[in-house]
Amino acid sequence: MSKPKATHAFTFREGGKVTLYQKGQELSGAALAHAQASGFAPKPEPEKPKAEAKPAAEPK
């Protein structure tokens, strides 16, 4: 699975250091969480629930 990439350039401050993330740059950790919350990166798609097996019809 590929790492999410920034869809827009943004700055992120962590530990007193400001980092500029360019459009298309791979993101991880806190920068990824910030980018997803702020709309600078796509949010992860929710997992689709697996289809549960239906029990066989009981004979009457």
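No lab work stands behind these numbers, since they all come straight from the coordinates. Note that this is a predicted model, so its numbers are computed, not measured. Because the Cβ atoms are built from the backbone with ideal geometry, glycine has one as well, and the counts that use them run over all protein chains shown.
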Check: So what is the relative contact order of the chain, in percent, for Cα pairs below 8 Å that sit 6 or more residues apart?
Finding: 32
Check: Within the chain, how many Lys pairs sit with Cα atoms under 23 Å apart, leaving out pairs fewer than 8 places apart on the same chain?
Finding: 9
Checklist line | the chain - Rg over Rh from alpha carbon coordinates, Kirkwood radius | finding: 1.42
Note to self: What distance in nm separates the two pseudo spin-label positions at ALA33 and LYS5, each 7 Å out from Cα along the beta-carbon direction?
What the structure shows: 2.5
